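The values are calculated or read from the model by the stated rules, or taken from the named source; none is laboratory data. Everything numeric here is computed off the predicted structure, so don't read it as measured data. Methodologically, a virtual Cβ is constructed for each residue, glycine included, from the backbone with ideal geometry; neighbour enumeration extends over all protein chains shown. Ligands, DNA and RNA are excluded from the accessible area calculation, which covers all protein heavy atoms including side chains. Shrake-Rupley method; radii C 1.70, N 1.55, O 1.52, S 1.80 Å.
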Amino acid sequence: MTEMITKSKQSDFKDIYEIINDAAVAYKGIIPADRWHEPYMSEDELQKQIADGVQFWCYHKQGTIIGVMGIQDKSDVTLIRHAYVRTVARNKGIGRKLLEHLSTLTEKPTLIGTWADATWAINFYQKNGFRQVAFAQKEQLLRKYWNVPLRQIETSVVLASNNFDKT
């Protein structure tokens, strides 16, 4: 089989790191300059995310990892974290396949955070059945389930699966 999705292994770390930083270039000039870093995610930060419970899944094509997406259990919800596809492989349905696969791993409501100005990301998640939550609820959710700075809370949105109760 030339295409498959697998749970990441320790040996996939370098590929995950490279894919995140390759794909994140799309955010340069879109997200606030004070939130942009080179590299976008350091190896240390990626290690911290994994240690905090983000489990990455990898999309392989012809033996090469070309897309990654993380899932994180947060007691009463599941978070989709760090969804990236190599620049050369974008717009080929890989993100959708990863999202569909990760959605089968949980029955809990699923939340996704992304940058408010990353309209392509918001549109992607909306096209795949997620809805953007209200501003006040976004702030509450980001504070409860994510560990991000205030500036990132100010400049982000949260999208929720259909089984997420607004109350």
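Do we have Leu111 as without any contact (Cβ under 8 Å) to a residue 60 or more places away in the chain and in a loop (DSSP other than H, G, I, E, B) here? For Leu111, the condition - without any contact (Cβ under 8 Å) to a residue 60 or more places away in the chain and in a loop (DSSP other than H, G, I, E, B) - is not met.
Of all residues in the range 23-34, those that are among the β-branched types (Val, Ile, Thr) have Cβ atoms under 8 Å from Cβ atoms of residues that are surrounded by 14 or more Cβ atoms within 10 Å (Cβ to Cβ), 6 or more apart or on another chain, in Val25/Tyr40; Ile30/Trp115; Ile30/Asp117; Ile30/Ala118; Ile31/Trp115; Ile31/Asp117; Ile31/Ala118; Ile31/Thr155. Here is the figure for the range 141-153: residues that are farther than 18 Å from Gly70 by Cβ and surrounded by 13 or more Cβ atoms within 10 Å (Cβ to Cβ) total 1. Quick one: in the range 117-140, of everything that is closer than 23 Å to Ile16 by Cβ and in contact (Cβ under 8 Å) with a residue 40 or more places away in the chain, which residue is most open to solvent (accessible area, probe 1.4 Å)? Among them, the one singled out is Trp120. When residues in the range 64-118 are screened for being under 19 Å from Glu139 (Cα atoms), small (Gly, Ala, Ser) and under 10 Å from the mean Cα position of the chain (by Cα), 1 of them pass.
Residues of the range 29-52 that are open to solvent by 80 Å² or more (accessible area, probe 1.4 Å), assigned to a loop (DSSP other than H, G, I, E, B) and modelled with pLDDT under 95: His37, Glu38. Of all residues in the range 61-78, those that are closer than 18 Å to Ile16 by Cα and in contact with a helix residue (DSSP H, G or I) (Cβ under 6 Å, 6 or more places away or on another chain) total 6. Each residue in the range 87-116 was checked for being open to solvent by 40 Å² or more (accessible area, probe 1.4 Å) and over 28 Å from Arg151 (Cβ atoms), and 12 pass.
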